[in-house]
Amino acid sequence: EPPKHLDPAMAYSSNEYSLIAQIYEPPFQYHYLKRPYELEPLTVEAMPTPEYYAPDGARLGADPPPQDVDRVVYELRLKAGTMYGEHPCFARDAAGALVYEGITDRAVADVDEIADLPRVGSRELMAEDYVLQVCRLADPRLNCPIYSILENYILGMSEYRVSVQERLDAERERRKQRAGGGYDVARDEREEPISIDYLAIPFPGVEVVDRHTYRITLTRKYPQMLYWLAMPFFSPMPREAVDFYDQAPLIRRGITLDRFPVGTGAYRMERYDPNTKIALARTERYRDERFPAAVDGTTHPDTGA
């Protein structure tokens, strides 16, 4: 059946993952040949080593008892030079301004597919993109299917969600006062989506360290977190894509993140008509990544390597 969601904050079905796993790249992946399954770096330089801290802030040993742990910190360092697939959200003019910022209904009157927008661009993957996506998982409008699990482990995630809801409520109340008795929240936000500056809201559980490094902090030992970080939920989301798809003229044309993902993977969405054809195209800027030639130093018979 057609996929319901291609937004990695909401997608959680095999028919959705068969598409978005080609487009989005979380920090880790599974080694293609090893059994039992084993995680390995995808967009990061190395698998992180957890750092454990006591309630008084003291650094603990390599594997302390769970009851002694108050914080667990994972620091992830990205490989430099990973590029996003070509997409209109990154298109800039000669002055450096985003081409499709403030797009009008007239400009998209004949747009049915993302490929109908002729100007495209790209940029390098940054740590901020991974942080922004974790923030999106807490947005109550997106109904992330694993939020109820994550809030028990990621530091400050519940409080962050409350802060997002408060901003939404305040903006809705402002619009209601402006519109009077004719205010309809669903219709209003179809016509004028509420944009949230996710990175402006404090969230101690996920933070940017530098351009290529970010940090995730947990409130207790939870080694399963690494396996969540191999799923599309934790793929990077560029701010340009969020702002691009928040524009009402595009939403009215069905041009949304839920149909046209933006990622660093080997493929990009070229056509999305789930009743007729879904087509992925090779990403022109994809880095060199080869099929693994060996497992534990033994040549794999299918590679000849």
Can you give me the number of residues within segment 110-129 that are assigned to a helix (DSSP H, G or I) and open to solvent by 40 Å² or more (accessible area, probe 1.4 Å)? 3
Would a scan of segment 153-169 turn up a residue that is of a type in the set (Asp, Glu) and either open to solvent by less than 50 Å² (accessible area, probe 1.4 Å) or in contact with a His (Cβ under 7 Å, 6 or more places away or on another chain) (or both)? no
Looking only at segment 130-146, which residues are buried (at least 20 other Cβ atoms within 10 Å of the Cβ) and more than 17 Å from residue 209 (Cβ to Cβ)? 136, 137, 138, 144
Could you identify the single residue in 7, 68 that is touching an Asp or Glu at 6+ places or on another chain (Cβ under 6 Å) and either among the acidic types (Asp, Glu) or surrounded by fewer than 16 Cβ atoms within 10 Å (Cβ to Cβ) (or both)? 7
Going by what's in this entry, would residue 232 be described as out of contact with any Asp or Glu (no Cβ under 8 Å at 6 or more places or on another chain) and touching a residue at least 24 places away in the same chain (Cβ under 8 Å)? yes
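Each row is one residue, and each column tells you yes or no for (1) crowded, with 20+ Cβ neighbours inside 10 Å; (2) without any contact (Cβ under 8 Å) to a residue 60 or more places away in the chain; (3) of a type in the set (Lys, Arg).
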{"residue": "202", "(1), (2), (3)": "no, yes, no"}
{"residue": "240", "(1), (2), (3)": "yes, no, no"}
{"residue": "251", "(1), (2), (3)": "no, no, no"}
{"residue": "262", "(1), (2), (3)": "yes, no, no"}
Sort out which residues of segment 220-240 are out of contact with any strand residue (DSSP E or B) (no Cβ under 7 Å at 6 or more places or on another chain) and under 18 Å from residue 138 (Cα atoms), and write them in order of number. 228, 231, 232, 233, 234, 235, 236, 237, 238, 239
Exactly one condition in (1) of a type outside the set (D, E, K, R); (2) open to solvent by 50 Å² or more (accessible area, probe 1.4 Å); (3) part of a loop (DSSP other than H, G, I, E, B) is not met by residue 107; state its number. (3)
Given the options 58, 62, name the one that is farther than 25 Å from residue 237 by Cβ, small (Gly, Ala, Ser), open to solvent by 40 Å² or more (accessible area, probe 1.4 Å) and modelled with pLDDT under 95. 62
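The values are calculated or read from the model by the stated rules, or taken from the named source; none is laboratory data. Remember, it's a predicted structure, so these values are computed and weren't measured experimentally. Virtual Cβ from ideal backbone geometry, glycine too; neighbours counted across all protein chains shown. Note: areas computed on protein heavy atoms with side chains; ligands, DNA, RNA excluded. Shrake-Rupley method; radii C 1.70, N 1.55, O 1.52, S 1.80 Å.
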